[in-house]
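Here the structure comes first, spelled out in structure tokens, and everything after it is commentary.
The values are calculated or read from the model by the stated rules, or taken from the named source; none is laboratory data. What you see is a predicted model, and the numbers here were worked out from it, not measured in a lab. Please note: Cβ atoms are built from the backbone with ideal geometry, for glycine as well, and neighbour counts cover all protein chains shown.
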Amino acid sequence: MKKASIESKLKERVRELKCLYELSKIVWEEDNDMNAILSKTLAILPEAMQYPDLSEVSIVVNKDAYETRRFSKSKWFISSPLAVGRKKYGTIKIGYRVGQRSPRVNHTFLPEEKKLIKVVARALSLYIKRASIEEDKRKLQMQLQHAERLAFVGELSAGIAHELNEPLGKILGFAQLIKKTGQMNEQQQEDVERIIKASLYTREIIKKLMIFSRQMPRQVVSVNLNTIISNILYFIDVRFQSRGIEIIERLDPNLPHIEADAVQMSQVMVNLITNAIHALPTGGKVTIITKQKGKHISLTVRDTGTGMSAATKKKIFEPFFTTKPPGQGTGLGLSVVLGILESHDGTIHVNSIPGKGSTFEIHLPVKQAKS
């Protein structure tokens, strides 16, 4: 019996060492790919147990769960936390099922098995920590690259805006002077009117560039979003009714004022509402909702339009990204919106379903110190 016991312990020790060797091999080969490491770990752990055919494994890391096919049928368990110091990552569990051919098998876990799961948990925890550090490093590098791109685009935008402002002002001024003379035929009047409209449109683009590049200082005053929305819709309604677009207002009559730049808030409203309208090429509904949520107010702009794919949704706040045809959009709208909201300590949340529409919801603090 003593010899059999020694042989049994020796076999358990061999299985343990083999398991740890396979685990280190997996980590080396997969190079911090946590999905592959955890998936392959599920396959090697049962082989290290005294009843491999009845063993099932579950590994939970953060919100991700990895389980062998019949883990839910397990009846007996041992487990160990995945943690390094006070940092907890998840749990690893090994379970035994009731065997159909061996229902009387002793399912008590051996001390060696309990020790093994702790060793494996410790090793996995270190691998997870290392992978998390690498992931954080990668994200930080991406954020730095993005910040550098934004800084470059901001400087470029500021330069372009300043270069265009002076000649554009002259074009607009001379066109308005010509219009005032009144000594033109009908065709000439229409042409001058087109010049003025094109100049005003270009001036709005330049204003977006200057807001994006932080060249326009904020003028913080007491603002009611309902008033801004009503003023904007006064001009928008008539233009788009003929296209079969219905604009629905659900504005909270008791909406509190906020401290904000009225011009910039108007820019936010115009961009969100016109984007919603452009998402309705064959008509539909745009719903605008305002209400108070605790110490914040929320504005929701919802459309029943084309919606966005996940890939498009990731890029919509990038400068100069647009899904509109050439000549119909600058790609600055939502990047300007994001910049304005961040400067007002606000946030924006986006939900979109392709073919069903999009919802943009912004939150702004009710009380905000003037700057």
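Numerical summary
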item	result
Some residue of region 248-268 being within 21 Å of the chain's Cα centre (by Cα) and not acidic (D, E)	yes
Subset of region 41-76 (residues that are in contact with a Phe, Trp or Tyr (Cβ under 8 Å, 6 or more places away or on another chain), aromatic (F, W, Y) and under 22 Å from L20 (Cβ atoms))	Y51
In region 64-88, the residues that are loosely packed, with under 12 Cβ neighbours inside 10 Å and assigned to a strand (DSSP E or B)	D64, K87
Residue tally, condition hydrophobic (A, V, I, L, M, F, W, C), outside any strand (DSSP E or B) and touching a helix residue (DSSP H, G or I) at 6+ places or on another chain (Cβ under 9 Å), over region 255-288	11
Flag if S102 is under 27 Å from Y51 (Cβ atoms) and either modelled with pLDDT under 70 or not in a helix (DSSP H, G or I) (or both)	yes
Subset of region 113-141 that is in contact with a Lys or Arg (Cβ under 9 Å, 6 or more places away or on another chain) and of a type in the set (A, V, I, L, M) - its residue that is farthest from K63 (Cα to Cα)	L116
Pair list, Cβ under 6 Å, 6 or more apart: region 304-319 residue farther than 23 Å from G339 by Cβ, other residue aliphatic (A, V, I, L, M)	G305/A279; G305/L280; T306/A279; G307/I353
